[in-house]
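Presented below is the structure to which this report refers.
The values are calculated or read from the model by the stated rules, or taken from the named source; none is laboratory data. Predicted model, so just to flag it, every value in this text is computed and none were measured. Positions of Cβ are generated from backbone atoms using ideal geometry, with glycine treated the same way; all protein chains shown enter the neighbour counts.
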Amino acid sequence: MDRNDVPAYPVGLRLSGRRVVVLGGGQVAQRRLPSLVAAGADIVLISPSATPSVEAMADAGELRWERRGYRAGDLDGAWYVVVATGDAEANAAASEEAEARRVWCVRSDDADAATAWTPATGRSEGVTVAVLTGRDPRRSAAVRDAVVEGLRDGTLIAPRHRGRTAGVALVGGGPGDPDLITVRGRRLLAEADVVIADRLGPRDLLDELPPHVEVIDAAKIPYGRAMAQEAINAALIEHAKAGKAVVRLKGGDPFVFGRGMEEAEALAEAGIPCEVVPGISSSISVPGAAGIPVTHRGVAHEFTVVSGHVAPDDPRSLVDWGALAKLRGTLVMLMAVERVGAIAAALIEHGRGADTPVAVIQEGTTAAQRRVDATLATVGQVVTEEAIRPPAVIVVGEVVAVGRGIRR
């Protein structure tokens with residue numbers, strides 16, 4: 001059998017503090033050197049010239065550069081050599097020296113003459129992926145990219161089993177479309193032991209979890225209404241103290257009307273490590289998905305996000321509706337479906353025009369997305385007639401009319 005038809009034996013070289021010789025300072029060296037630097041190798045570059053990037057590495061002290069061509073004896077004491085010059089004779093001579101000294105040698109000009117091949121490598125969260133497909137480097141790169149991307153976005157589930165720290169991640173799941181969760185959030189979901197999910201989180205992602213993951217619907221934790229948040233906090237602490245990796249999956253962003261800070265404070269008081277993973281807020285993503293820009297040149301230079309979960313005349317309200325009515329920009333309201341009539345009346349009473357355009361987007365970014373348009377004067381009636389249900393985002397302002405041309 002031809003020696004080059006035998007598969008390579010994969011191994012991870014620990015080159016920290018060990019002499020590595022790189023012959024040639026061109027594009028190949030420029031690609032290979034960063035990984036060698038990251039590995040802590042004692043790098044000697046031998047080349048009459050180098051690319052600006054390679055020269056910058058030498059100037060920064062990341063390697064030693066000898067400005068000359070290859071000479072016999074340059075591989076003395078080397079553990080590994082990269083041969084990448086444009087001189088075929090020098091490459092062959094260096095390869096012969098490496099063979100004689102039993103130094104593993106990579107050749108950029110002749111893979112068949114090399115004693116080592118460089119795999120297509122990628123890294124994600126402490127994992128190094130190295131792929132070899134013989135003489136097909138493009139396929140190696142494609143496989144590498146697929147694996148690394150899967151690890152990064154959580155579609156390739158590879159949970160940690162050693163060195164994992166128990167704790168809680170408060171993950172913003174985005175507005176509803178499972179593709180709109182962050183890469184970090186999806187990866188943490190893939191590594192979770194317990195997921196405590198909100199009703200408004202991206203529910204489709206829960207179907208992708210392995211069967212051993214315990215999924216708890218936060219809406220079904222037994223409690224009285226006044227104790228809802230306290231019960232959720234207690235569940236987070238209980239599972240984390242049991243040594244579990246816990247994800248609190250919330251809709252939108254944890255800190256935008258998500259009570260995320262209350263949970264973070266409870267965890268800190270209990271001594272539980274907590275990571276906050278921001279999410280795409282529905283306040284900007286849902287209008288965008290419906291073709292509405294919350295700001296637009298010459299139309300709106302600001303937008304305000306406000307909760308409508310209590311009516312304007314409710315003594316618990318912290319919103320200055322009179323001040324909001326005087327603003328000229330966009331008003332985005334969350335949790336306001338049930339009280340939109342009263343809110344619209346308050347805005348009109350304080351000076352906002354009754355003919356101001358309003359859009360109501362139900363189930364934004366999901367397959368059930370639905371948009372209805374109205375004005376401040378009619379929005380209460382339209383919401384009732386159209387049987388709009390939460391979750392819905394309500395947008396008030398001239399940007400609603402701007403977006404009608406690309407309505408989705």
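For this structure, a couple of remarks:
- Remark: pairs (first residue in segment 181-193, assigned by TED's automatic domain parsing to the domain that holds G252; second residue basic (K, R); Cβ separation under 7 Å; 6+ apart in sequence or on different chains) = V183/R152; R187/R152; E191/R160; D193/K244.
- Residue check, A113 assigned by TED's automatic domain parsing to the domain that holds Y9, touching a Lys or Arg at 6+ places or on another chain (Cβ under 6 Å), free of Cβ contacts under 8 Å to residues at least 40 places away in the same chain and more than 28 Å from V148 (Cβ to Cβ): yes
- Within the set A300, A245, A311, A235, the sole residue that is at pLDDT below 95, under 20 Å from the mean Cα position of the chain (by Cα) and either more than 25 Å from V213 (Cβ to Cβ) or of a type in the set (A, V, I, L, M, F, W, C) (or both) turns out to be A245.
- Residue within segment 5-21 that is touching a residue at least 60 places away in the same chain (Cβ under 8 Å) and of a type in the set (V, I, T) present: yes
- The set of residues in segment 198-218 that are in contact with a Gly (Cβ under 8 Å, 6 or more places away or on another chain) and closer than 22 Å to E238 by Cα comprises D198, R199, G201.
- Residue that is closer than 30 Å to G173 by Cβ, small (G, A, S), modelled with pLDDT of 95 or more and assigned by TED's automatic domain parsing to the domain that holds V294, where the choices are A346, A359: A359
- Any hit, segment 235-243, residues being outside the structural domain of P391 (by TED's automatic domain parsing), of a type in the set (A, V, I, L, M, F, W, C) and out of contact with any strand residue (DSSP E or B) (no Cβ under 9 Å at 6 or more places or on another chain): no
- Qualifying residue in segment 254-261 (condition: outside the structural domain of A401 (by TED's automatic domain parsing), over 13 Å from D198 (Cα atoms) and touching a Phe, Trp or Tyr at 6+ places or on another chain (Cβ under 8 Å)): yes
- The listed residue being touching a helix residue (DSSP H, G or I) at 6+ places or on another chain (Cβ under 6 Å) and either hydroxyl-bearing (S, T, Y) or closer than 20 Å to R102 by Cα (or both), out of L63, L75: L75
Let's see how each residue does on (1) closer than 21 Å to T366 by Cβ; (2) basic (K, R); (3) buried (at least 17 other Cβ atoms within 10 Å of the Cβ):
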| site | (1), (2), (3) |
| --- | --- |
| R187 | no, yes, yes |
| V194 | no, no, yes |
| D198 | yes, no, yes |
| P202 | yes, no, yes |
| P210 | no, no, no |
| A235 | no, no, yes |
| K241 | no, yes, no |
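- Tally, over segment 377-397, of residues that are outside any strand (DSSP E or B), crowded, with 23+ Cβ neighbours inside 10 Å and not β-branched (V, I, T): 1
- Selection count, segment 346-382, where residues are charged (D, E, K, R) and farther than 22 Å from V310 by Cα: 4
- Evaluated against (1) buried (at least 16 other Cβ atoms within 10 Å of the Cβ); (2) within 30 Å of R370 (Cα to Cα); (3) modelled with pLDDT under 85; (4) in contact with a strand residue (DSSP E or B) (Cβ under 9 Å, 6 or more places away or on another chain), L151 falls short on exactly one condition, (2).
Per-residue answers, yes or no, for (1) of a type in the set (A, V, I, L, M, F, W, C); (2) under 42 Å from the mean Cα position of the chain (by Cα):
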position: L63; (1), (2): yes, yes
position: G73; (1), (2): no, no
position: A94; (1), (2): yes, no
position: A111; (1), (2): yes, yes
position: T115; (1), (2): no, yes
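- Cross-chain or 6+ apart pairs with Cβ under 7 Å, segment 75-95 first and in the same structural domain as V37 (by TED's automatic domain parsing), then basic (K, R) and at pLDDT below 95: V82/R32; V83/R107; N91/R107; S95/R107
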